[in-house]
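Below: one structure, written as structure tokens.
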Amino acid sequence: MDKTYVPKGDIEKKWVLIDASDITVGRLATQISAILLGKNKPTYTPGVETGDYVVVINARHIKATEKRLESEMYYHHSNYPGGLKSINLRHLLDKNPEKVIKSAVWGMLPHNKWGRKLLGNLKVYGEAEHPHQMQKPQPVK
């Protein structure tokens, strides 16, 4: 019978830097969600927060085909009748590129309190500058 491993004490959380330029959204989101969940560590335990902090830069420069830029739609609702709003990927990348990556990663995390807490460990920036230089994030390929 296998025993379950549960990490005890403080879990060391590192800062990871990912450059999103010329990477498709889905492949980037799977990599980010695995790091947030801690699946890249040998101490991974389901339901325990063993993941790292992730800083994503150059979110505006992700790779997408012309067809996907026009056909991929993002929706939100104002909770009023007729309040459904939609925007395509091209306009959302111009207006708010952070939302594209966050929504893709959110789709790959658990949809509960734990997933919302993990999403708080994700920092996304449209360009190469970010305010987390003091944490010395390690680049990931």
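Derivation of every value follows stated rules applied to the coordinates shown; laboratory data play no part. Here the structure is a predicted model, which means the values were calculated and not measured. Because the Cβ atoms are built from the backbone with ideal geometry, glycine has one as well, and the counts that use them run over all protein chains shown.
For the reader, a short list of remarks on this structure follows.
- Pairs beyond 31 Å (Cα-Cα), from Lys13/Lys67; Lys3/Lys141; Lys3/Lys102; Lys13/Lys63; Lys14/Lys63: Lys13/Lys67; Lys3/Lys141; Lys3/Lys102
- Just so you know, the averaged projected area of the alpha carbon convex hull for region 1-113 sits at 10.0 nm².
- From most to least packed by mean Cβ count within 10 Å, the peptides 26-33, 3-10, 53-60 give 53-60, 26-33, 3-10.
- Listed residue (Gly83, Val140, Gly115) projecting farthest to the positive dipole end of region 69-141, Cβ model: Gly115
- Cross-link reach list, aspartates and glutamates versus Lys8, counting only Cα pairs under 15 Å and skipping chain neighbours closer than eight places: Glu49
- Degrees between helix 97-106 axis and first principal axis of the chain (Cα, 0 to 90, nearest 10): 50
- For region 66-141, the fraction of alpha-carbon pairs lying more than 16 Å apart is 65 percent, rounded to a whole number.
- GNM result for the chain, Cα springs below 10 Å: residue of Lys99, Lys123, Lys113 fluctuating most strongly: Lys113
- Normalised contact order of region 25-107, rounded percent, pairs of Cα under 8 Å and 6 or more residues apart: 28
- Percent RCO, i.e. relative contact order, over the chain, from Cα pairs under 8 Å lying at least 6 residues apart: 32
- Among Val25, Ser103, Pro46 the positive-end extreme of the charge dipole of the chain (Cβ point charges): Pro46
- Rounded tilt (10° steps) of 25-37 against the dominant C-alpha axis of the chain: 30
- Here the chain is treated with +1 on each Lys and Arg Cβ and -1 on each Asp and Glu Cβ, and its dipole about the Cα centre works out to around 280 debye.
- Expected-Rg normalisation [2.2 N^0.38 Å, Cα atoms] applied to region 6-68: 1.34
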